[in-house]
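Notes for the one structure printed next.
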Amino acid sequence: MTLTLAHSGSYPRIGDSAELQLLRRTIAGFDRGERSAADLAEAENQMTRLAIEEQAAAGLDVVTDGQIRWNDPVSYLAGKLAGVRINGLLRLYDTNFYFRQPVIESRLQRQGELAVSDLQFAREALAAACKGKPGSRQVKPVLTGPYTLAHLSLAQAEELKALEPRVEAYAEALAAEIGALADAGAETVQIDEPSILLHPGDWQIFARAVGRLSAARDEARKRGRKIGLLLYVYFHDCAPIYSKLAALPIDGLGLDFTYNRKLADAVVESGSPIPLALGLVDGRNTKLEQPAEVAREISRMLPRIAGDSAWLGPSCGLEYLPRDRARAKLQLLGEIRSAVEGR
Amino acid sequence: MNRQKLKKLGLELPLFPVTSVGSFPKTDAVVRARGEFRRGKINAEQLTEIEREATAFWIRKQEELGIDVLVDGEQYRGDMVAYFAERLPGFTNGGLVRSYGNRYYHKPIVTGEVKWTEPLTVEWWRYAQGLTKKPVKGMLTGPYTIMDWSFNEHYPDRKATCMALAGVIRSEVEALIATGCKIIQVDEPALSVRPEELPVAIEAMHRVTDGLNAYFITHACYGAFDLIYPGMLELPVDNFDLEMSNSGLDLLELFRRHRFTKDISFGVVDVHSHVLEEPATVRQRVEQALTVVPKDQLWIDPDCGLKTRTVEEAIAKLRRCVEAAKAFRN
């Protein structure tokens, strides 16, 4: 059994030094009409490179692009779809972070790639960060899932006012994107579905949407693509629906262990038929975990997890932390792995 | 309305008292002075003097408008949690985190035992109250919100952090009361973020207010009230100050299903819109409020703090509140 270090999504796009405030300055300048769209894109590129460099420097095996270009987990993807208008601010779950709410005004449709060009840029950045030798390191694209997008959207289009058709419409768009990411060479795609933890009563609708995405994965595999689908849930207690989540037709399940200390007991008790991504490092609090304590939890769970590898990562994206603490949490992942391996 | 309590405190308020939620826009002089202070061009005393002048401006303006229960306008405060965290032992200033879009703030970190060692707001309250005969509210951020909007590296869990902060806020409430403050607002905008933790917020507010002689208000906004109502009515305060207009008065439906038992400061103007409401719109909102609460339970105010509006917009929105109250008193 090996433990792979994998990031879970976002990364701070700012830091305390002037150099790390490049994107903030450029956006402010762009809003005042003093900087061009090209300036803005270059600032995003630069902060994306830095996010990837910091993940690579911390020894992560699976990195993300840090979602530096994402205004928030909802409007970045939804805003690229036809039929959607981006509206006012709403609080994102129990964070003190606010997203812009999509309003579906007419038929919702994918009109171009959502994350393919981001993946291509991130791969080049990873290769550069590893001086041309990324080895087995890979970039993992992240998509917010159809249920969560639908749940956090409003609909003016009559046919999408009910939740189920809204979820289906987003699932169609994301299924096409999964195919495109597979064709672009993505080995895994992370689908974030935090909303299902808060609304487990919608399980049937949610599970059908996951089924639609896994069908897209299967179609890509038939075309000879190597792609795995990882489902990540966080921001609430995963334990009540853990067994159902682990039985979904996915290739890995990312769990947030910070809301319920007994989740590890549930994993030990029920086992897992699929590989798990263990979100044992709190992405929402600055306190650094004790590597030995976390290693004990992992050692307890590993024998009960199917597959020959589990991922270790933060409980959620790291954008909710100041940059120095986010970096420290990444470093911690390596220390925990060493502790698990008895080094 | 908890008129009896107000009366015992020596406060005679008219029907539909008009108040505001706390912050007003910084005056141009304060904005300039804060920049100069950051660049080291003026010292802290000079900045404070300009903040005092701006506070006097807002007290005068509220009196001219005919507002009944005043606030100091928070010209000297930045973020509602950071203001307290920066002054309390036990907190460390954290690095920048994003709140939305291109907005960032320094999120505080609890790194040790939080302690109240001296008054945090009392001198400003005393100054503001000295400028007017009308009551000025004491304005505090609640323990649950300070806990939720801070990182915690010291206490074992969220509840322990919250209860420690409740002790701190209680000490500040006691200091305000000892100075003569009779109406104290303890803001809890994070109240609904984790509905399962409502009992923690309630227990903390008991620690803040139990046995203390003041009329207590709490302000909450932009939350999932449907998940915590009617349980939130157990919060030991006299008055809930609620954002109502930004969400199209959708809370009224909840109040119809389960009677609203406290006094309410009913937000009748949207603070996140540049658009000034028509007088008729505001009157309609008051009429709607009166379908769910008796008239002697109803206070009138804006949805939330007005600090994101311009000075002119804020004054115009406050004027609408006063006009509506007067129309209904007649």
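Quick look at the numbers
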quantity: Residue count, the stretch B:247-275 (criterion: within 14 Å of chain A (Cβ to nearest Cβ) and out of contact with any Cys (no Cβ under 8 Å at 6 or more places or on another chain)); calculated: 7
quantity: Matching residues, the stretch B:9-38, being basic (Lys, Arg) and modelled with pLDDT of 95 or more; calculated: B:Lys26, B:Arg32, B:Arg34
quantity: From A:Arg225, A:Arg261, A:Arg221, residue being over 25 Å from A:Lys329 (Cβ atoms), not in a helix (DSSP H, G or I) and not hydroxyl-bearing (Ser, Thr, Tyr); calculated: A:Arg225
quantity: Meets criteria (in contact (Cβ under 8 Å) with a residue 24 or more places away in the chain and more than 14 Å from chain A (Cβ to nearest Cβ)) for B:Tyr105; calculated: no
quantity: Residues located in the stretch A:26-37, provided they are among the polar types (S, T, N, Q) and either within 11 Å of chain B (Cβ to nearest Cβ) or buried (at least 18 other Cβ atoms within 10 Å of the Cβ) (or both); calculated: A:Thr26
quantity: Matching residues in the stretch A:12-56 - criterion: being within 20 Å of the chain's Cα centre (by Cα) and in contact (Cβ under 8 Å) with a residue 40 or more places away in the chain; calculated: A:Pro12, A:Arg13, A:Ile14, A:Asn45, A:Thr48, A:Arg49, A:Ala51, A:Ile52, A:Glu53, A:Glu54, A:Gln55, A:Ala56
quantity: Which listed residue is under 17 Å from the mean Cα position of the chain (by Cα), among the hydroxyl-bearing types (Ser, Thr, Tyr) and farther than 15 Å from B:Tyr83 by Cβ, from B:Tyr127, B:Tyr144, B:Tyr155; calculated: B:Tyr144
quantity: Top-ranked residue of the stretch A:1-25 - restricted to ones that are within 12 Å of chain B (Cβ to nearest Cβ), of a type in the set (S, T, N, Q) and farther than 15 Å from A:Trp70 by Cα, ranked as surrounded by the fewest Cβ atoms within 10 Å (Cβ to Cβ); calculated: A:Ser17
quantity: Selection within the stretch B:188-237 - touching a residue at least 40 places away in the same chain (Cβ under 8 Å), within 30 Å of B:Glu278 (Cα to Cα) and among the acidic types (Asp, Glu); calculated: B:Glu188
quantity: Qualifying residue in the stretch A:72-92 (condition: surrounded by fewer than 19 Cβ atoms within 10 Å (Cβ to Cβ), touching a Lys or Arg at 6+ places or on another chain (Cβ under 9 Å), outside any loop (DSSP other than H, G, I, E, B) and at pLDDT 95 or above); calculated: yes
quantity: Counted residues, the stretch A:94-147 - those being at positive phi and of a type in the set (D, E, K, R); calculated: 1
quantity: Matching residues, the stretch A:93-128, being assigned to a loop (DSSP other than H, G, I, E, B), without any contact (Cβ under 8 Å) to a residue 60 or more places away in the chain and either more than 25 Å from A:Gly317 (Cα to Cα) or away from chain B (no Cβ under 14 Å) (or both); calculated: A:Gln111, A:Gly112
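The values are calculated or read from the model by the stated rules, or taken from the named source; none is laboratory data. Here the structure is a predicted model, which means the values were calculated and not measured. Glycine gets a Cβ as well: all are built from the backbone with ideal geometry, and neighbour counts include every protein chain shown.
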